[in-house]
Amino acid sequence: MTTKLTQLLNIKYPIIQAPMFLVSNVAMVTEAMKSGIAGCIPALNYRTLDELRAAIKTLHANQVEGGAFGFNLIVNKSNLKYKEQLKVICEEGCDFIITSLGSPEETIIQAHKVGIKVFCDVVDLKFAKKVEHLGADAVIAVNNQAGGHRGDKSPEVLIKELVAHCSIPIISAGGVGCKADVDKMLSYGAEGVSVGSPFIASIEADVTDEYKQACVDYGAEDIVMTERISGTPCTVINTPYVQKIGTKQTWLESVLNKNKKLKKWVKMVRFSIGMNAAKNAATKATYKTVWVAGPSIENTTEILPTKDIINRLIN
């Protein structure tokens with residue numbers, strides 16, 4: 001399956017195991033590389049820079065021909081660790097960086113100095129053209145079937161629009177749970193796909209069995225949007241607890257978000273609260289859980305090793 005993505009990363013199959021907060025880890029990415037795809041981990045999954053550096057060294061040691069690894073960076077001002085994380089990643093090296101939620105300009109400049117590719121999350125043509133102008137190597141087209149913070153356009157509409165107006169490769173993110181989904185995205189013109197939610201229910205994932213089992217028990221129709229985690233609409237499983245607390249931000253949050261002077265600080269506080277809430281949901285089994293996932297859990301029928309989930313995507 002040769003595409004521009006496989007050529008960019010020297011991988012066998014045009015698939016990126018998407019970075020997922022608190023879910024992705026070295027074990028998952030190692031299995032991804034062994035299976036001939038690329039794996040990515042959010043830098044924020046590591047509390048300290050030393051832990052991040054150690055993870056990169058381990059992934060280099062585990063890397064095999066036909067596989068690749070990278071890291072995801074939140075590049076807006078709410079992530080106070082961003083610049084230090086970027087420095088460590090550039091010092092230790094990896095195959096690619098995926099940027100999210102902000103301008104990738106500094107990341108592109110620093111990463112390209114050391115030969116690291118940069119792919120940028122976008123939800124529309126406007127931002128795709130911006131990152132292309134800044135020198136991005138590819139765009140991650142986040143559609144309305146993605147898990148977490150998703151876009152508004154369908155995979156077909158978004159991919160075809162970006163392919164028609166951009167000269168860099170388009171990688172589709174969202175709505176992929178099996179081989180037929182991969183083929184569909186490639187038929188629209190994508191050079192590869194980014195797949196996240198199906199890997200939550202993997203043996204290697206660092207989350208509770210309850211979270212994994214929820215991805216088995218619930219399906220695409222059980223995914224809803226909530227503003228209660230980060231302040232930005234995010235997809236979650238519609239558990240009884242989510243139904244109880246609702247999915248809209250509180251009256252106070254709504255008022256504060258409209259205040260130009262306070263908006264930035266409110267977002268930073270909301271981001272911090274949301275990160276802690278997501279961590280508790282992923283690592284503690286209580287009835288007060290908000291589990292992030294996308295519609296592609298529809299194909300998840302049991303908890304499996306990462307390599308078996310990848311096999312479902314390529315065969």
Within the bounds of region 49-57, is there any residue that is outside any helix (DSSP H, G or I) and either in contact with a strand residue (DSSP E or B) (Cβ under 9 Å, 6 or more places away or on another chain) or not assigned by TED's automatic domain parsing to the domain that holds Gly219 (or both)? no
Kindly indicate whether any position in region 31-40 is in the same structural domain as Gly115 (by TED's automatic domain parsing), within 16 Å of Ala111 (Cα to Cα) and in contact (Cβ under 8 Å) with a residue 12 or more places away in the chain. yes
Kindly list, by first and then second residue, each pair from a residue in region 93-122 that is closer than 22 Å to Gln7 by Cα and free of Cβ contacts under 8 Å to residues at least 40 places away in the same chain to a residue that is in a helix (DSSP H, G or I) and aromatic (Phe, Trp, Tyr), limited to pairs with Cβ atoms under 7 Å and residues at least 6 apart or on different chains. none
Which members of region 137-194 meet the condition of being among the polar types (S, T, N, Q) and more than 14 Å from the chain's Cα centre (by Cα)? Ser154, Ser167, Ser187
Lone unmet requirement of (1) surrounded by 23 or more Cβ atoms within 10 Å (Cβ to Cβ); (2) within 22 Å of Lys179 (Cβ to Cβ) for Ile41: (2)
Going by the conditions given, is Gly196 assigned by TED's automatic domain parsing to the domain that holds Asn25 and either surrounded by fewer than 21 Cβ atoms within 10 Å (Cβ to Cβ) or of a type outside the set (Asp, Glu) (or both)? yes
Would you confirm whether any residue within region 107-125 is more than 17 Å from Val195 (Cβ to Cβ) and of a type in the set (S, T, N, Q)? yes
Out of Ile159, Ile171, sole residue that is part of a helix (DSSP H, G or I) and of a type outside the set (Asp, Glu): Ile159
In region 107-124, the residues that are surrounded by fewer than 17 Cβ atoms within 10 Å (Cβ to Cβ) and either more than 17 Å from the chain's Cα centre (by Cα) or not assigned by TED's automatic domain parsing to the domain that holds Tyr82 (or both): Ile109, His112, Lys113, Val114, Gly115
Selection count, region 96-106, where residues are part of a loop (DSSP other than H, G, I, E, B) and surrounded by fewer than 21 Cβ atoms within 10 Å (Cβ to Cβ): 3
If I filter region 207-226 down to residues being among the charged types (D, E, K, R) and surrounded by 17 or more Cβ atoms within 10 Å (Cβ to Cβ), which single residue comes out as farthest from Asp308 (Cα to Cα)? Asp222
Qualifying position, being crowded, with 22+ Cβ neighbours inside 10 Å, under 18 Å from the mean Cα position of the chain (by Cα) and outside any loop (DSSP other than H, G, I, E, B), among Phe127, Phe69: Phe69
Check on Ala164, modelled with pLDDT under 95 and either assigned to a loop (DSSP other than H, G, I, E, B) or of a type in the set (Gly, Ala, Ser) (or both): no
Quick check, is Met20 surrounded by fewer than 24 Cβ atoms within 10 Å (Cβ to Cβ), out of contact with any His (no Cβ under 7 Å at 6 or more places or on another chain) and assigned to a loop (DSSP other than H, G, I, E, B)? no
Check whether at least one residue in region 3-12 is hydroxyl-bearing (Ser, Thr, Tyr), surrounded by fewer than 21 Cβ atoms within 10 Å (Cβ to Cβ) and within 22 Å of Gly189 (Cα to Cα), and report yes or no. yes
Can you pull out every residue in region 72-95 that is in contact with a Gly (Cβ under 7 Å, 6 or more places away or on another chain) and surrounded by fewer than 17 Cβ atoms within 10 Å (Cβ to Cβ)? Asn76
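The values are calculated or read from the model by the stated rules, or taken from the named source; none is laboratory data. Remember, predicted model here, so these are calculated numbers, not experimental data. As a convention, Cβ positions derive from the backbone with ideal geometry for all residues, glycine included, and neighbour counts pool all protein chains shown.
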